[in-house]
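One structure is given below, encoded as C-alpha cells.
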Amino acid sequence: MPRNAHFRFKQFTVRQDQCAMKVCTDACVLGAWADVEDADRILDIGAGTGLLSLMVAQRNSYAMIDAVEIDAEAFYQAGENVEQSPFHDRITLFHSAVQEFVSDHLYDVIITNPPFFQSDLLSPIDKKNIAHHAKSLDFGELLAAIERLLKPEGKFNILFPVDEGERFAEKAAYAGWKLVRKLTLFHQEDKKAFRVLMLFQRAELVHNVAVEADLYIYEKDGITYNPRFRELLKAFYLKF
C-alpha cells in the first residue's frame, strides 16, 4: 500500500487512495475545533474520506451523524472507513449532492470543508475540480442547503482559504448569519495565514462580538509543533 494511502489516528484509520482530497492538517484542525457539543444530530456536507464525521463522532459520544458525498469513489471509501471504525453505528453516509439531499429531520450542527477556490483556474482533472473548486457547490447553494437543513437555533462550522472565507462571511452576513467564532490558521508566525475556520449562527440569536483567535501549527523553527496545536490535536494524532 502506498505511503499516503492511509492516515492512522488514535481511534480510527482513514484510507484515502480513492479520494481526490487527502487528509490534511487544516481539515484535522476543523474536526478538533468545531463546536459539536450538545448536538444530537450532526450533518457533514462533503464527507470525502469521512475524516470530519469520524473526528466528530469521537468528540461527541452520542450524536447521530449523517454525511453527504457527491463523488462515488470517495463515498465508497468513506463507507469503508466508517464501517471499520468504532463509530460505525452512529454515522450514516449518503451518496448525493447536498442540493438534492432530503432528510427526515433537521440538524443541530453542520460541519463542512466545502469546495473552494471559486475564482481560480480549474484543474484538467474533473475529480479534483469537484474537490477543490466550487464547481458543483457555490456559496449561494451551500448557504441555501444549510438554511434548509439546519434547525432554527442550529450552528454551522466551515473551513476556507482566507480570501474565500472573507467573501463567504460577507455573503453569509447578507443572508442573515452571524459569525460566532473564528480561528485563523498559520503554518508559523512569520508566514501568511492560509486558512480560516468559522462558526455561524442565525443573527437574531447572537448578541456578542465574534471570538477570534490565531493558531500556529509550528514554532518559529518550522519543525517543532506549537503547544496549542498539540493540545488541540492530542486526542487524534498518534505522535502527540
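Brief remarks follow.
- Selection of the range 194-221 for residues being of a type outside the set (Lys, Arg) and either open to solvent by less than 30 Å² (accessible area, probe 1.4 Å) or touching a residue at least 40 places away in the same chain (Cβ under 8 Å) (or both) yields Phe194, Val196, Leu197, Met198, Leu199, Phe200, Gln201, Leu205, Val206, Ala210, Leu215, Ile217.
- Residue match in the range 49-64 (condition: modelled with pLDDT of 95 or more, part of a helix (DSSP H, G or I), farther than 23 Å from Tyr218 by Cβ and of a type in the set (Lys, Arg)): yes
- Glu189 vs. criteria of a type outside the set (A, V, I, L, M, F, W, C), in contact (Cβ under 8 Å) with a residue 24 or more places away in the chain, open to solvent by 40 Å² or more (accessible area, probe 1.4 Å) and touching a Lys or Arg at 6+ places or on another chain (Cβ under 7 Å): yes
- Taken over the range 12-45, the criterion of being open to solvent by 20 Å² or more (accessible area, probe 1.4 Å), assigned to a loop (DSSP other than H, G, I, E, B), at pLDDT 95 or above and in contact with a Leu (Cβ under 8 Å, 6 or more places away or on another chain) is satisfied by Asp35 alone.
- Picking from residues in the range 78-111 that are among the hydroxyl-bearing types (Ser, Thr, Tyr) and part of a strand (DSSP E or B), the one that is most open to solvent (accessible area, probe 1.4 Å) is Thr92.
- Residues in the range 57-76 that are open to solvent by less than 10 Å² (accessible area, probe 1.4 Å) and among the polar types (S, T, N, Q): Asn60 alone.
- Look at (1) modelled with pLDDT of 95 or more; (2) open to solvent by less than 20 Å² (accessible area, probe 1.4 Å) and you find that Asn129 fails only one, number (1).
- Checking every residue in the range 155-169 against the condition of being open to solvent by less than 10 Å² (accessible area, probe 1.4 Å), in contact with a Ser or Thr (Cβ under 6 Å, 6 or more places away or on another chain) and not small (Gly, Ala, Ser) gives at least one match.
- Unique residue being farther than 24 Å from Val14 by Cα and aromatic (Phe, Trp, Tyr) when the list is Phe236, Phe186: Phe186
- Of all residues in the range 38-53, those satisfying the criterion of being farther than 14 Å from Phe156 by Cβ and out of contact with any Gly (no Cβ under 8 Å at 6 or more places or on another chain) are Asp38, Asp40, Ala47, Gly48, Thr49, Ser53.
- Extreme residue, farthest from Val109 (Cα to Cα), among residues of the range 227-240 that are in contact (Cβ under 8 Å) with a residue 12 or more places away in the chain and out of contact with any helix residue (DSSP H, G or I) (no Cβ under 9 Å at 6 or more places or on another chain): Leu238
- Here is the figure for the range 184-202: residues that are touching a Pro at 6+ places or on another chain (Cβ under 8 Å) and of a type outside the set (A, V, I, L, M, F, W, C) total 2.
The values are calculated or read from the model by the stated rules, or taken from the named source; none is laboratory data. None of these values were measured; they are calculated from a predicted model. Cβ atoms come from the backbone with ideal geometry, glycine included; neighbour counts cover every protein chain shown. To get the accessible areas, we keep the full protein, side chains included, count just its heavy atoms, and leave off ligands, DNA and RNA. Shrake-Rupley method; radii C 1.70, N 1.55, O 1.52, S 1.80 Å.
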